[in-house]
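Colleague: Before I ask anything, let me first share the structure, which is written out below as C-alpha cells.
Computed from the coordinates by the stated procedures, all read-outs in this text should not be read as laboratory data. Everything numeric here is computed off the predicted structure, so don't read it as measured data. With ideal geometry, Cβ positions are generated from the backbone for all residues, glycine too; neighbour counts draw on all protein chains shown.
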Amino acid sequence: MAYVIPKETYSGKVASMTIGEGAKSIAIGGENTMPFLSFEGAIPNRPVIAMEIQDITPDDWPDNLKKYYNGYYDDAAKWAKFCVEQLNAKAIALRLVGTHPDKQDRSAEDAAKTVKEVLSVVDVPLIILGSNHIEKDASVIVAAAEAATGKNCIIGKAQEGNYKTIVAAALAHKHKLIAMSELDINLAKQLNILITQMGFETDRLLTDPMCSALGYGLEYTYSVMERIRLAALTQNDTTMQPPIVGDVGMYVWKTKEVSASEEDMPQWGSLEERGIAWEVVTAMGMLLAGANLLIMRHPKAVEKAEKVIEELTKG
Amino acid sequence: MALSGVEIFKLLPKTNCKKCGFPTCLAFAMKLAQRQASLDACPDVSEEAKKILGEASAPPVRAIILGAGDKAVKMGEETVLFRHEKRFVNPCAFAVNIKDSESDNEIEKKVAMVIASEIDRVGQKLRIDAISIECASNDAVRYEAVTRMVSSRAPDTPIILNCFNASAAEAAVKAIADKKPLLYGARLDNLDAMVNIAKAHKTPLGLYAEGPEALSSLAEKAKAMGVEDIVIDPGAKSAKGIIEGNTQIRRAAIKKNFKPLGYPIINIVMKDDPLIETAIASVAIAKYASIVVLSSIERWKNLALFTLRQNLYTDPQVPMQVEQKIYKIGEPGPDAPLMITTNFSLTYFIVSGEVENSKVPSRLAVMDCEGLSVLTAWAAGKFTASRIAQFIKESGVENEVKHRELIIPGQVAILSGTLEDKLEGWKIIVGPREANGLPTFLKTKAA
Ligand code: B12
Ligand code: SF4
C-alpha cells in the first residue's frame with residue numbers, strides 16, 4: 001500500500017488583522033489550516049502572547065506569581081514598561097479590574113487616564129480589558145476606547161449584555177474588539193452575528209469562547225475552540241472566522257494547583273514550577289485548539305510558551 | 001475501508017440456515033456492517049471470507065496491551081480525530097526513560113519515583129504507567145542486569161525495552177518475557193533480528209522510522225514477517241514533528257483506513273528543560289500519542305500532564321461524576337456545618353477542596369444531578385427545591401447532625417424560599433457564589 005500524505009483542503013480561512021501601530025504592530029490570524037499543520041496550508045502569522053497587567057495592585061495573585069512584578073504594582077505604566085523592556089512582551093493586556101464595584105470601583109475617567117499613561121510608554125499593541133462587570137464595563141470600555149483613539153488597540157470584552165455600547169465605541173475609535181460568550185459554539189456564533197450586523201467587520205473581531213484552566217473545564221474550552229476553527233475552515237463560515245482569544249492567566253491563577261503550598265500538598269511537588277506548568281499547559285491546550293492570541297501572567301510561562309510556539313511555527 | 005452490508009453478504013455462505021440467529025444471511029450481513037453482530041456467530045463462513053472480513057472490521061487503530069497484570073495499559077482503538085465527535089478511547093501511557101549507563105543508585109531512585117507517582121484526582125488514580133529502559137551502554141550484559149533490576153523493583157510496572165541493539169534486546173527480553181515488555185526497537189537496519197525476538201517471545205514490537213511514509217513501509221514489512229502487535233514512532237524530535245507526524249498517521253488510519261499506520265503511536269519527548277518537556281508532552285497528549293516517553297518525572301510535572309490527559313480523555317457527552325452521598329471533610333461532629341452541591345466531579349472537587357482549605361470540619365451533601373454543574377443542573381431542572389428536599393430526607397443526614405441548617409450555593413440563592421417550605425424544620429443559608437469564598441464564610445460562621 002502506498003502512503004499518500006492525508007491532506008485536508010479547507011474552503012475557509014481565519015480572518016487576519018493587524019493590531020497596534022508602528023514598527024511593533026503585529027499581524028494575527030490568516031491561517032487556512034488547523035493549528036500548526038503547515039504541511040497542508042498557509043500559516044502566515046504565529047500566535048501572539050500578551051502579558052497581563054492591571055490598574056490596581058492585584059489582591060488575588062499568589063505570591064509565587066506576584067513576586068515577579070514587585071515594585072511595579074503602584075503604576076500600570078511602569079509595569080507595562082517593565083514587561084516590554086525587561087521581559088520582551090510582544091503585546092500588553094491591561095485589565096481594568098480596579099473599576100469593578102467590588103474592587104475599588106474606579107471611575108471610567110480613572111480608567112481612561114490609566115490607558116493614556118500606559119500608551120504613552122509602550123510601543124507594542126495594547127489590549128484593553130474591563131473588569132467583567134457587564135454594566136460597569138459598558139462605561140469603562142467606552143472611555144478607555146476613546147482614550148486610546150488612533151492606537152489600533154483591541155478592546156473588550158463585549159458580551160451579550162453590553163455589546164451594543166462597546167461595539168459602537170470600537171467602531172468610533174477604530175479598535176479591534178473581543179466578543180465573549182459562555183462556552184457554547186452557538187452562543188459564540190450568535191454574538192458574532194449580532195456584532196457584525198451592527199456594521200462591524202469580521203476582520204476586526206476576535207472571539208473569546210470563554211477560557212477555563214487545566215483541570216477546571218479546560219476540555220470544554222478546548223472542544224469549543226476546535227469546533228469553531230473547524231467551522232471556519234471546513235464550512236467557510238465567516239461568523240466563525242475571527243481569530244480566537246485564550247484568556248489563560250486569569251483562569252489559571254485562581255486554581256488551587258498554582259497556590260497550594262508544598263507542606264499542604266507534598267504529592268504535588270514544587271510550587272514554583274507547578275504554577276508555571278499549569279499556565280504553560282493550559283496555554284498549550286488553547287494553542288492546539290486554535291487560539292491566535294493568549295493573555296498570560298507569569299513571565300516564565302510566557303517565555304516557555306513562546307519557545308514552543310517558535311518550534312511549532314518554524315520550518 | 002469498512003465494507004457495506006451487500007459487500008459482506010457476497011462473502012457469506014448464502015444458505016439462510018439461520019444458525020447465526022438471523023433470518024437470512026443478508027440480515028446478518030447488515031448487522032455486521034453496523035458492527036452490531038460478530039462474524040463468529042456464523043459457523044459456516046469460509047476461511048477466506050473470515051480473513052477479508054476480519055481485516056475490514058478491525059478497528060482503525062489496533063489495540064495493543066503494554067505490560068501484563070494489574071497495571072497493564074491498553075492502547076489504541078481510537079476512532080476519531082477530534083474529541084467532540086466521540087470520546088477518545090484509551091488514555092496515553094506515560095513512561096519515564098532510564099538509561100542503563102546511569103548508576104545503580106540513580107536507577108533505583110527513579111524506579112522508586114515511578115512507584116510513588118500515583119496521585120488521586122477527581123476520583124481517578126493516575127500514575128506514571130511504564131518505565132522505558134534505554135540501552136545507552138550498548139553492552140548486553142549491563143542492559144540485561146539493569147532490566148532485571150528494574151523489573152524486580154517494580155514488578156507490576158510495564159516495561160519498554162528502548163534498545164536498538166539486537167543482542168542486548170534479546171538478553172533483556174528473555175529475562176522478563178513474562179512481563180510482556182514492549183520491544184522498541186526495530187529500524188530498517190535491524191528489522192529481521194528484532195522481528196525474530198518479538199515473535200519468539202510474543203512481545204509487541206516498536207518500530208522507528210523517520211516520517212510516516214518510511215514508517216508505513218517498515219510496518220508493512222514487519223507485518224509480512226508475522227508481527228501483529230506493533231507500536232510506531234515517526235521519529236519526531238520537535239513539537240512540530242510530533243503534531244504533523246502524529247496527525248498524518250492518525251488521519252491515514254482513521255479517514256483512509258490505511259492499515260500500515262493503524263497502530264498506537266509512541267513519542268519520545270525528552271528535553272533538557274523540564275518545563276519545555278512538559279509543554280511538548282502536552283502536544284503529544286492532545287495529538288494522538290499512545291505512549292509518551294519522558295526524561296524526568298517531577299511531581300509538579302506529573303500533576304499537570306495527568307490532568308491534561310484526564311481532561312482530554314473524558315467523555316464529551318457524559319461529564320465525570322462522583323457518587324451521591326454525604327461526604328465528610330475533616331472529622332465533623334453533630335454540630336458541623338452541612339452544605340449541598342451537585343455531583344459534577346469538577347464542582348465536587350473545587351468545593352471540597354475549599355472546604356478542606358477552611359479547616360472547618362464539615363459535611364458536604366453531594367446530590368446526583370447527572371454530573372452537571374450547579375447552574376447547569378438548576379437550569380436543566382435537576383437541582384430543584386423538591387429534589388433537594390427529598391435527597392436530604394432520604395440521605396439519613398438528619399440522624400447525623402443535631403442542627404437543621406443547610407448551606408446552599410450562592411448561585412442558586414433563588415431556591416432558598418421554596419426549599420424552606422419543602423424541607424420542613426430546616427433553615428436554608430445562602431453561601432457564597434464562588435467556592436473560594438467558602439473558607440472565610442465557614443470560618444466566620446464557626447467563630
Ligand atoms: C459547561 C456548561 C455547560 C455544559 C455542562 C457542563 C456540566 N458538567 O455541567 C453543557 C454544555 C452540557 C451545558 C448545558 C446546558 N447549560 Co450550561 N453552562 C456551562 C457553563 C459554561 C460552565 C458550567 C461549569 O462547568 N461551571 C463550573 C462549575 C465548577 O461551577 P459550579 O458547579 O457552579 O460550582 C461553582 C459555584 O457554584 C460554587 N459552588 C458549587 N457548589 C457549591 C456549594 C456551596 C455550599 C457553595 C457555597 C458554593 C458552591 O463553587 C463552584 C466554583 O466556584 C455555564 C456558564 C458559566 N460560566 O457558569 C453554563 C450555564 C450554567 N448553562 C446554562 C444553561 C441554560 C444550560 C442549558 C439549559 C442550555 C444551554 N445554554 O446549553 C443546558 C442544560 C443541560 C441539560 N442537560 O439539560 C446557563 C444557566 C443560566 C441560568 N442562570 O439559569 C449558564 C449559566 C450559561 C448561560 N449564561 O446561559 N452547560
Ligand atoms: S449462519 Fe451463516 S449461513 Fe447461516 S444464515 Fe447466518 S450467515 Fe447465513
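Colleague: Let me check I have the definition right: for region A:98-257, take the eigenvalues of the Cα gyration tensor, multiply each by 5, take square roots. What are those semi-axes in whole Å, largest first?
Modeller: For region A:98-257, the ellipsoid semi-axes come out as 25, 20, 14 Å.
Colleague: Suppose only helical runs count, i.e. DSSP H with n ≥ 4. What mean residue ellipticity at 222 nm does that imply for chain A under -39500 (n - 2.57) per run, divided by all residues and rounded to the nearest 500 deg cm²/dmol?
Modeller: -12000 deg cm²/dmol
Colleague: At 0.36 nm per residue, and after removing the present C-alpha to C-alpha distance, how many nm does the segment from residue B:414 to residue B:58 gain when stretched out fully?
Modeller: Here the answer is 122.8 nm.
Colleague: Within 10 Å of each Cβ in B:243-249, how many Cβ atoms from other chains are there, averaged over the peptide?
Modeller: 5
Colleague: While we're here: Of B:27, B:13, B:37, whose Cα points farthest to the positive end of the dipole of region B:5-57 (charges on the beta-carbon: +1 Lys, Arg; -1 Asp, Glu; origin at the Cα centre)?
Modeller: Highest projection toward the positive end goes to B:27.
Colleague: Applying 1/(1 + (r/R0)^6) with R0 = 25 Å to the Cβ-Cβ distance of residue B:443 and residue A:263, what FRET efficiency is obtained, to the nearest 0.05?
Modeller: 0.80
Colleague: Equivalent ellipsoid semi-axes for region B:59-183, as square roots of 5 times the alpha carbon gyration tensor eigenvalues: give them largest first, rounded to whole Å.
Modeller: 28, 18, 12
Colleague: Beta carbons within 10 angstrom, averaged per residue: use that to sort the peptides B:178-189, A:208-219, B:303-314, B:398-409, highest first.
Modeller: With the highest mean Cβ count within 10 Å placed first, the list reads A:208-219, B:303-314, B:178-189, B:398-409.
Colleague: Here's a follow-up. Want the number for residue B:26 to residue B:109: 0.36 nm per residue separation, take away the alpha-carbon distance, what's left?
Modeller: My answer for the length gained is 23.8 nm.
Colleague: Calculate the FRET efficiency for residue B:124 and residue B:71 from the Cβ-Cβ distance with a Förster distance of 22 Å, rounded to the nearest 0.05.
Modeller: FRET efficiency, residue B:124 to residue B:71: 0.90.
Colleague: Would you work out the relative contact order for region A:20-130, in percent, from Cα pairs under 8 angstrom that are 6 or more residues apart?
Modeller: Contact order relative to length: 30 percent.
Colleague: If you don't mind, another one. Structure shown: which of A:24/A:116; A:254/A:304; A:254/B:240; A:103/A:304 lie over 28 Å apart, alpha-carbon to alpha-carbon?
Modeller: Over 28 Å apart, Cα to Cα: A:254/B:240; A:103/A:304.
Colleague: Can you give me the orientation-averaged projected area of the convex hull built on the Cα atoms of chain B, in nm²?
Modeller: 27.0
Colleague: How big is the Kirkwood radius of region B:5-57, worked out from every pair of different alpha carbons and given in Å to one decimal?
Modeller: By the Kirkwood definition, the hydrodynamic radius is 10.6 Å.
Colleague: Next question. Could I have the simple spin-label model distance between residue A:310 and residue B:142, label points 7 Å from Cα toward Cβ, reported in nm to one decimal?
Modeller: 3.4
Colleague: What shape does region B:64-312 take by its C-alpha gyration tensor, where a ≥ b ≥ c are the square roots of the eigenvalues and a/c under 1.5 counts as rounded, a/b above b/c as prolate, and the rest as oblate?
Modeller: It is oblate, given that a/c is not under 1.5 and a/b is not larger than b/c.
Colleague: How large is the charge dipole for region B:5-57, taken about the Cα centre, if only the Cβ atoms of Lys, Arg (+1) and Asp, Glu (-1) carry charge, to the nearest 20 debye?
Modeller: Approximately 200 debye in magnitude.
Colleague: Something else now. Considering the options A:94, B:122, A:260, tell which one lies farthest towards the positive end of the dipole of the protein assembly as shown, charges being +1 on Lys and Arg and -1 on Asp and Glu at the Cβ, about the Cα centre.
Modeller: B:122
Colleague: Something else: Over the Cα atoms of region A:86-185, Rg to Rh with Kirkwood Rh, two decimal places?
Modeller: The Rg/Rh ratio comes out at 0.96.
Colleague: Express the relative contact order of chain B as a whole percentage, based on alpha carbon pairs under 8 Å and six or more residues apart in sequence.
Modeller: 11
Colleague: Normalized C-alpha radius of gyration of the protein assembly as shown, against 2.2 N^0.38 Å?
Modeller: Rounded to two decimals, the normalised Rg is 1.04.
Colleague: Work from the charge dipole of region A:161-250 (Cβ charges, +1 for Lys and Arg, -1 for Asp and Glu, about the Cα centre) and give the residue of A:234, A:172, A:202 farthest towards its positive end.
Modeller: Comparing the listed Cα positions along the dipole, A:172 ranks first.
Colleague: Hey, another quick one. Please report, in Å, the Rg and the Dmax of region B:337-435, where both are computed over Cα atoms only.
Modeller: 12.4, 33
Colleague: Could you tell me the distance between the Cα centroids of region A:275-293 and region B:420-447, to the nearest Å?
Modeller: The two parts, judged by their Cα centres, are 36 Å apart.
Colleague: I need the semi-axes of the equivalent ellipsoid of region A:22-178: take the C-alpha gyration tensor, multiply each eigenvalue by 5, square-root it, list largest first in whole angstrom.
Modeller: Three semi-axes, in Å: 26, 21, 15.
Colleague: What are the aspartates and glutamates whose alpha-carbon lies under 19 Å from the alpha-carbon of residue B:256, with same-chain residues fewer than 8 places away excluded?
Modeller: A:8, A:40, B:7, B:55, B:77, B:78, B:85, B:213, B:220, B:244
Colleague: Which of the peptides B:83-94, B:422-433 is most tightly packed, and how do the rest follow, judged by the mean count of other Cβ atoms within 10 Å per residue?
Modeller: So the order, starting with the most tightly packed, is B:83-94, B:422-433.
Colleague: Per 0.36 nm of contour for each residue apart, how much would the distance between residue B:427 and residue B:393 grow if the chain were fully extended, relative to their Cα-Cα spacing?
Modeller: Separation in residues times 0.36 nm, less the Cα-Cα distance, equals 10.9 nm.
Colleague: Treating the beta-carbon of each Lys and Arg as +1 and of each Asp and Glu as -1, no other charges, what is the dipole magnitude of chain A about its Cα centre, to the nearest 20 debye?
Modeller: The calculated dipole for chain A is roughly 800 debye.
Colleague: Treat every Asp and Glu Cβ in region B:77-171 as -1 and every Lys and Arg Cβ as +1, leave all other atoms uncharged, and give the resulting dipole magnitude about the Cα centre to the nearest 20 debye.
Modeller: So the dipole magnitude of region B:77-171 works out to roughly 400 debye.
Colleague: Still on this structure, I have one more. Past the 19 Å Cα-Cα mark, which pairs from A:13/A:189; B:74/B:255; A:307/B:99; B:325/B:393; A:136/A:157; B:10/B:50?
Modeller: Listed pairs above 19 Å: B:74/B:255; A:307/B:99.
Colleague: How long is region B:124-232 along each principal axis, judged by its Cα atoms, biggest number first, in Å?
Modeller: So the extents along the principal axes, rounded to whole Å, are 39, 38, 23.
Colleague: Mean shadow of region A:26-93, computed from the convex hull of its alpha carbons, in nm²?
Modeller: In nm², the orientation-averaged hull projection of region A:26-93 is 6.1.
Colleague: Distance in nm between label sites at residue A:68 and residue B:359, each 7 Å beyond Cα in the beta-carbon direction?
Modeller: Roughly 3.0 nm, to one decimal.
Colleague: Let me ask another. Nearest 5 is fine: what % of DSSP beta bridges in the protein assembly as shown come out antiparallel, could you say?
Modeller: So the antiparallel bridges in the protein assembly as shown amount to around 20 percent.
Colleague: Then there is this: At 7 Å along the Cα-to-beta-carbon direction for both residue A:197 and residue A:109, put a label point, then send me their distance in nm to one decimal.
Modeller: So the label points at residue A:197 and residue A:109 sit 3.7 nm apart.
Colleague: Moving on. Let me make sure I get this right: for region B:193-259, a, b and c are the square roots of the gyration tensor eigenvalues over alpha carbons, sorted descending. Under 1.5 in a/c it's rounded, otherwise prolate if a/b > b/c, else oblate. Which is it?
Modeller: It is prolate, given that a/c is not under 1.5 and a/b is the larger ratio.
Colleague: Here is a follow-up. For a distance above 27 Å, tell me the whole-number percent of Cα pairs in chain A that qualify.
Modeller: Percentage above 27 Å: 40.
Colleague: Per-residue Cβ counts within 10 Å, from other chains only, averaged over B:305-315: what number is that?
Modeller: 5
Colleague: Estimate the FRET efficiency between residue B:323 and residue B:386 by the formula 1/(1 + (r/R0)^6), using the beta-carbon distance for r and 22 Å for R0, to the nearest 0.05.
Modeller: 0.50
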